[in-house]
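Notes follow once the structure below has been shown.
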């Protein structure tokens, strides 16, 4: 099976996916690494079990709130408010990416015991179910159409290497 990090990096590089993710992040507050995790799990295994979903979502939200979002806010503010410190801004950007990659590794580690027990196989429908289930947690719920780029490209990536 392809690692979550490899899958996420490959998916994020597909046409329109980055724009889709950043739109959903800025407009709805989604955690992009978590959305990429949901695609990976759906492609490799299937529908995310509720217990694992609750556990991984709580972990993702906590790390995002305490580490990733503050780094992102500082980086974005510096782009306009403190341009003289571009080197520092790049270091913050690198720390933000490193935190997101660390989160992906932790989410994969949390999923491994579930994957080892599963006999299911991934599908495009599972990716949709996982993303739309996550989108339903927001108020207002994220319309299915907003996930379009992820739903188009996530099933096309190999689930194994």
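General remarks:
- Yes/no for residue 139 being under 19 Å from residue 60 (Cα atoms), out of contact with any helix residue (DSSP H, G or I) (no Cβ under 6 Å at 6 or more places or on another chain) and at pLDDT below 90: yes
- Every residue from segment 110-120 that is loosely packed, with under 13 Cβ neighbours inside 10 Å and closer than 14 Å to residue 38 by Cα: 112
- Some residue of segment 78-89 being modelled with pLDDT of 95 or more and under 27 Å from residue 15 (Cα atoms): no
- Single unsatisfied condition, residue 105 versus (1) in a loop (DSSP other than H, G, I, E, B); (2) surrounded by 12 or more Cβ atoms within 10 Å (Cβ to Cβ): (1)
- Condition met for residue 148 (in a helix (DSSP H, G or I) and within 16 Å of residue 41 (Cβ to Cβ)): no
- Residue identified as without any contact (Cβ under 8 Å) to a residue 12 or more places away in the chain and closer than 22 Å to residue 128 by Cβ among 14, 65, 25: 25
- Residues satisfying the stated conditions in segment 112-145, i.e. in a helix (DSSP H, G or I) and more than 21 Å from residue 52 (Cβ to Cβ): 144, 145
- Candidates 16, 50, 27: the one that is closer than 25 Å to residue 114 by Cβ and surrounded by fewer than 16 Cβ atoms within 10 Å (Cβ to Cβ) is 50.
- Single condition residue 95 does not satisfy, out of (1) surrounded by 13 or more Cβ atoms within 10 Å (Cβ to Cβ); (2) under 15 Å from residue 3 (Cα atoms): (2)
- Criterion applied to 71, 57 was being in contact (Cβ under 8 Å) with a residue 12 or more places away in the chain, more than 25 Å from residue 152 (Cα to Cα) and surrounded by 15 or more Cβ atoms within 10 Å (Cβ to Cβ), and the one residue passing it is 71.
- Taking the conditions (1) in contact (Cβ under 8 Å) with a residue 24 or more places away in the chain; (2) surrounded by fewer than 20 Cβ atoms within 10 Å (Cβ to Cβ) in turn, residue 40 satisfies each one other than (2).
The values are calculated or read from the model by the stated rules, or taken from the named source; none is laboratory data. This is a predicted model, so every value here is computed, not measured. All Cβ positions, glycine included, derive from the backbone under ideal geometry; neighbour counts span all protein chains shown.
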